[in-house]
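Okay, so here's the structure we're looking at.
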DNA sequence: TGATTTAATTTGATACGCGAAAAAAATAGT
DNA sequence: ACTATTTTTTTCGCGTATCAAATTAAATCA
């Protein structure tokens with residue numbers, strides 16, 4: 001049980017000014033020193049000191065004043081600062097059941113390369129995975145005209161129960177063994193800092209750094225892929241729970257003694273909205289021929305088929321109930337529904353969102369903002385890259401502070 | 001003297017050493033400087049500096065060395081420090097539908113007085129409540145041979161939706177109006193710092209300061225009184241959500257389109273486990289004579305009455321489901337089930353707890369600790385006092401730091 | 001050209017916390 | 001009894017971070 005973790009009081013853990021200023025710059029994209037001071041509540045003097053250090057280290061750079069700032073024309077023109085993309089090359093890699101998708105980004109988050117590597121099979125040993133990751137990274141770097149040694153950090157996204165603080169895999173559908181010290185194995189094989197996490201958390205990180213949740217310190221991301229996942233950001237940090245296996249939205253129960261879930265329990269949300277659950281329904285409900293294609297089923301529902309429609313309808317209602325529960329518990333300012341597959345569109349319908357809103361405790365205050373954010377194919381890999389970016393920034397700046405001493 | 005009150009970046013948000021040390025002392029009860037240093041990771045030199053300041057301010061005091069410390073006999077004997085109870089007098093007050101219960105505690109948390117004031121009626125206007133609070137506090141102080149002006153802070157516990165950051169009441173069953181700036185009104189009428197919160201949060205605070213959750217930075221408290229409440233502590237702080245109305249455990253939905261709740265929605269947990277819900281069931285299910293006494297119903301269930309038993313049984317299963325959902329979302333290290341009324345014992349039964357454990361996502365890690373903690377009558381008021389204690393400590397220490405400058 | 005405005009930097013001061021050394025207060029050994 | 005040893009606490013000097021105020025820089029306005 002987590003006894004109150006006393007933070008060494010020095011500059012160790014805490015956002016030592018440098019971090020705060022750097023984050024402000026990245027968040028803003030381009031921002032003048034004076035505005036950094038305003039936003040971070042750090043004095044202009046200190047901002048100057050810190051930024052000159054970051055400039056010297058090559059982490060940020062000055063930009064020529066952007067054309068026309070409305071109003072204010074007199075006075076010394078402000079000089080904007082931005083993150084220097086060339087400072088670091090970072091990779092994000094996401095393992096699905098079919099392939100390993102790699103994305104290369106610079107330190108600004110700009111994509112500089114993509115790469116896809118087929119998997120021999122959906123499940124493999126940890127050793128095989130390490131080899132695969134190495135190949136995929138090498139391939140991605142080569143394709144972008146860079147070398148593996150150019151990488152400053154790699155983010156790895158895996159489905160399953162991941163303890164990101166220890167780079168430890170409790171369990172993943174991609175691996176044929178439980179409880180793997182994957183982080184250690186990777187670091188040994190590839191001399192680059194690794195950062196790994198469960199995929200819902202990756203998306204949350206991406207939303208926080210580049211997406212809809214910029215500037216926000218508290219929000220929730222719901223992802224739908226094969227299963228249903230959730231990433232919780234509280235106070236700017238991803239919430240992980242005691243054992244690193246919280247946020248199991250897909251396995252919250254929405255029906256007492258309900259439908260059987262592949263986790264072995266009954267009534268899990270996933271057992272009502274997961275793809276396998278929908279197909280199971282379709283087959284049980286006496287469809288003429290066995291159904292095994294979700295998009296076909298979805299098409300039939302759209303075309304008006306009553307049976308198909310009722311299947312999606314119930315799934316939507318269950319999803320609304322689960323989401324409302326999360327909102328009633330967290331009272332978040334923002335909920336991002338993130339997904340890739342159009343087949344899950346029914347979960348994001350007006351109808352479902354309205355039902356959610358009706359099931360939230362009513363107060364005289366604005367309802368939480370629920371936004372649907374559909375990413376492209378590379379969503380997950382980009383999330384992994386975002387994770388690594390944050391890690392690399394932290395490492396670099398910590399090193400900087402240490403060197404100064 | 002200082003003109004613009006920009007918050008010095010040092011003491012702003014973070015526990016400025018002084019807070020950290022003081023908290024360590026309160027947490028430990030009695031503790032020597034060297035151990036404070038060990039626990040807080042602050043150097044002995046700094047501990048000396050800070051403690052001497054706290055001593056001078058009268059917030060803590062030295063205690064004669066306790067008899068025999070096992071082992072270690074040589075060396076300079078350690079001098080223990082403790083919070084000086086006489087430093088502040090603090091009140092906690094809890095409003096129920098029948099009365100206002102007041103508890104007076106010293107700065108150590110030791111009870112120095114109790115007081116109970118009858119309410120004219122269960123619902124009143126904000127103005128009436130202010131008068132009532134004033135009367136109750138005056139009465140409590142008088143009974144303990146103190147004066148109202150001796151109070152350094154008052155914690156107020158109210159059922160309903162309270163925004164503790166603004167001392168604002170969205171809604172409370174005790175008030176006949178919504179959206180009341182109760183904090184302002186109280187402060188105007190009674191010149192003492194007020195701290196108010198929803199009652200589940202009060203209990204959480206009490207558990208953290210004095211109870212089962214000492215030293216813990218992450219845990220969850222579930223309370224059962226009239227309704228079902230929840231307090232969430234993350235990172236040592238009570239989690240409140242965006243609009244200050246999170247943690248509405250009682251209104252999470254456990255059944256799609258289920259039983260009607262007094263909040264107007266359907267399927268809320270409270271609509272299955274609340275006292276009114278149980279009685280409603282009993283009456284609907286064709287009991288011979290209308291039932292209006294919950295303890296009688298409970299007694300009948302214990303005696304073997306099948307109908308009564310089935311009512312409590314279902315409530316227990318619904319409760320287990322809701323609790324499992326919370327655990328699946330938070331993955332907490334500790335859950336405290338807190339209650340006063342024996343009538344709710346059925347919710348804490350082995351049976352229910354087992355059901356909860358069966359509904360949690362399974363990992364190779366110890367299950368969260370679920371403990372039942374029954375408090376005495378004054379539980380709620382004590383929670384309110386705990387809240388105020390924390391607030392007063394913070395205020396005092398902040399003032400101290402400011403004066404030092 | 002000089003006045004004005006706004007941004008950025010320099011300067012000097014201060015608080016915080018640490019490490020090392022010293023002091024204090026006890027016991028153990030001879 | 002007196003010295004050595006052990007352990008806690010305090011003192012001292014230093015480095016770092018940060019800030020307020022003053023200064024410099026770079027533009028426009030009149």
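None of the figures in this text is laboratory data; all of them are computed from the coordinates on show. Because the structure is a prediction, the values reported are computed rather than measured. Using ideal geometry, Cβ is built from the backbone for each residue, glycine included, and neighbour counts are taken over all protein chains shown.
Here are some notes:
- Estimated FRET transfer efficiency when R0 is 51 angstrom, pair residue B:178-residue B:63 (beta carbons, to 0.05): 0.55
- Relative contact order (percent, whole number), segment B:18-83, Cα cutoff 8 Å, 6+ residue spacing: 42
- Neighbour-count order for A:355, A:134, B:18, B:98, fewest beta carbons within 10 angstrom listed first: B:98, A:134, A:355, B:18
- Compactness index (Cα Rg / 2.2 N^0.38 Å), segment B:18-83: 1.06
- Partner chain coverage, peptide B:257-264 - average Cβ within 10 angstrom: 1
- Approximate spin-label separation residue A:402-residue B:98, in nm, with each point projected 7 Å along Cα-to-Cβ: 6.4
- Theoretical ellipticity at 222 nm over chain A - DSSP helices of four or more residues, -39500 (n - 2.57) apiece, nearest 500: -12000 deg cm²/dmol
- Whether segment A:321-405 is rounded, prolate or oblate, judged on the alpha carbon gyration tensor where a/c under 1.5 counts as rounded: oblate
- Residue order, fewest to most surrounding Cβ atoms within 10 angstrom, among B:154, A:123, A:42, A:356: A:123, A:42, A:356, B:154
- Extension gain, residue B:38 to residue B:284: 0.36 nm times the residue separation minus the Cα-Cα distance gives 82.4 nm.
- Note: relative contact order over chain A, using C-alpha pairs below 8 Å and six or more positions apart, is 15 percent.
- Average partner coverage of A:351-362, which counts Cβ from other chains inside 10 Å: 3
- Stokes-Einstein diffusion of segment A:204-352 at 25 °C, 0.890 mPa s viscosity, Kirkwood radius from Cα pairs, rounded to a whole number: 151 µm²/s.
- Cut-off 14 Å (backbone N to label point 7 Å along Cα→Cβ of residue B:142), residues of segment B:98-134: B:115-118, B:132-134
- Taken residue by residue and averaged, Cβ atoms of other chains lying within 10 Å of the Cβ of A:245-251 number 6.
- With a Förster radius of 35 Å applied to the C-beta separation of residue A:394 and residue A:357, the computed FRET efficiency comes to 0.40.
- Ordered by the number of other Cβ atoms lying within 10 Å of each residue's own Cβ, fewest first, A:275, A:293 fall into the sequence A:293, A:275.
- Shape call, the protein assembly as shown: gyration tensor on alpha carbons, a/c limit 1.5: oblate
- For segment A:315-329, the residues whose amide N sits under 20 Å from a probe point set 7 Å from the Cα of residue B:235 along the beta carbon direction are A:327, A:329.
- Along principal axes, Cα extents of segment B:193-263, largest first, whole Å: 41, 27, 24
- For chain B, pairs of C-alpha atoms spaced more than 28 angstrom apart make up 53 percent of the total.
- Sites residue A:189 and residue A:82 - FRET efficiency at Förster radius 45 Å, r taken between beta-carbons, to 0.05: 0.85
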